[in-house]
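Asker: Quick one: structure below, then a few questions.
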Amino acid sequence: MNNVIPRSIIQLKFHPMAAAFALSIGTTARAQHVGDIGLRIVDGAVATAEIGASGYGDARRVFGGTMGDTGTAWFTSNPGYDAPPGGFPVGSRLGIRFTGPILAWDGDSFEPTAPSGPLAGERLRISYLTLSAISGEGPVAGLDLAVQSDGGWHRHISMTLLPATGSAMPDAGVYLVPLQAYSTASGVGSSAEYWLVLNGGDTPENYAAAFAAAESAMSPPGCIGDLDNDGAIGGADLGIMLGNWGLPGAGDLDSSGAVNGADLGSLLGMWGACP
């Protein structure tokens, strides 16, 4: 199995506190803008936020969607992405990329669907017009599109769940897609990894449980170095970081686009129990 898969993702457990929000995703994602993923520059890097009826809300790194919500099986273009006018330099581009393989909910945890993983091997294709990228067993370069003339960015990226090799269609289930947003603007770092939880024909109850597990597994803001989500920063977190050295995703604490010495210094500086 590829070392870039954070242990905190593979061992996600159900946490009921987030279930109510998970059940609401299906309605909010259908409205224009509401339910989309907000993108802004915060502290010199792209940051993700929820978009509600009143506009851009709090920082968020777990979002939801439903395959087939537009009438085509195993396809969705929701949630979309929104950046406010003036949010990014005109002439630059914004994009998204995979930080690892997609995962599937087994009722208790998320497991890799990569061919070398325990499940069938479904993949996700993202596309926009002639641009496309397909998830793999590790990080995969994505696609980026030009910032609008007003400095904003509103796009709905097409997402298609692909079946395992030799299968006619994907298995029904709840899938977690690890992603990162990035900007081509000089001096603007990539976002922290965020997760998109997609319901691919599973029950509302299973989707709620899976979404809640993803919510619970995201490290709290004050302890971003807790990569295995055990409440402390220690040797296991160091191992995850070293296994992802030079790559985006887990361990990229400063959202520079790759795990490096600066991230290692930050991790060592936070060593011990989380606040």
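No lab work stands behind these numbers, since they all come straight from the coordinates. What you see is a predicted model; the values in this text were computed from it and never measured. No Cβ is skipped: glycine too gets one built from the backbone with ideal geometry, and neighbour counts run over all protein chains shown.
Asker: Using 0.36 nm per residue, how much length does the chain from residue 230 to residue 131 gain when fully extended, once their Cα-Cα distance is taken away?
Answerer: Full extension from residue 230 to residue 131 adds 31.8 nm.
Asker: Further, regarding this structure: For residue 158 paired with residue 203, estimate the spin-label separation in nm (one decimal), with each label point 7 Å from Cα along the Cα-to-Cβ line.
Answerer: Placing both labels 7 Å along Cα→Cβ, they lie 3.4 nm apart.
Asker: Follow-up question, since we're still on this one. Using r as the Cβ-Cβ distance of residue 168 and residue 245, and R0 as 41 Å, what FRET efficiency do you calculate, to the nearest 0.05?
Answerer: 0.55
Asker: Return the long-range amide H neighbours of residue 87 (sequence gap of 5 or more, or a different chain), with a cut-off of under 5 Å between placed amide H atoms.
Answerer: Long-range HN contacts for residue 87: 152.
Asker: How many nm separate the modelled label positions at residue 141 and residue 266, each set 7 Å beyond the Cα in the direction of the Cβ?
Answerer: Those two pseudo-labels are separated by 2.5 nm.
Asker: Below 8 Å between Cα atoms, with a sequence gap of 6+, how large is the relative contact order for region 128-275 in percent?
Answerer: 17
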